[in-house]
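Have a look at the structure below before the remarks.
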Amino acid sequence: MLESAFVQLYMEEARDKGRDEGRMEARIDDILALLGLQFHPDAVQALKPTLAEIKDLQRLQQLLLAAARSESLEAFMQNLGK
């Protein structure tokens, strides 16, 4: 019985982690898509590794909003550095 409870807890944690990772990947894709509409797509794609290092979903949400308001890719990159 105890083993079963442990296995269930482990499976739930793994599932939650997978969901969070999926949300972060989706948010990064959203940021890149939005920036790609406004600025040079190749330059935008160069930001992907930097964005992928961010493991905070709220920070990625802030960056998505910053991408929508940025007048230049350089301005977005300043937000990225904060």
Q. Does residue 20 fit the bill of being modelled with pLDDT under 90, under 30 Å from residue 69 (Cβ atoms) and touching a helix residue (DSSP H, G or I) at 6+ places or on another chain (Cβ under 8 Å)?
A. yes
(Q) Regarding region 49-58, can at least one residue be identified that is over 26 Å from residue 17 (Cα atoms) and touching a residue at least 24 places away in the same chain (Cβ under 8 Å)? (A) no
Q.
For region 32-45, give me the residue count where each residue is surrounded by 12 or more Cβ atoms within 10 Å (Cβ to Cβ) and either aliphatic (A, V, I, L, M) or touching a residue at least 12 places away in the same chain (Cβ under 8 Å) (or both).
A. 9
(Q) Residues that are in a helix (DSSP H, G or I) and among the basic types (Lys, Arg): does region 70-82 have at least one? (A) no
Q: Considering only residues that are of a type in the set (A, V, I, L, M, F, W, C) and either under 24 Å from the mean Cα position of the chain (by Cα) or modelled with pLDDT of 70 or more (or both), look in region 7-17 and name the one that is least open to solvent (accessible area, probe 1.4 Å).
A: 14
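The values are calculated or read from the model by the stated rules, or taken from the named source; none is laboratory data. All values derive from a computational prediction rather than experimental measurement. Cβ coordinates were reconstructed from backbone atoms using ideal geometry, including for glycine residues, and neighbour counts include every protein chain displayed. Heavy atoms of the whole protein, side chains included, go into the accessibility calculation; ligands, DNA and RNA do not. Shrake-Rupley method; radii C 1.70, N 1.55, O 1.52, S 1.80 Å.
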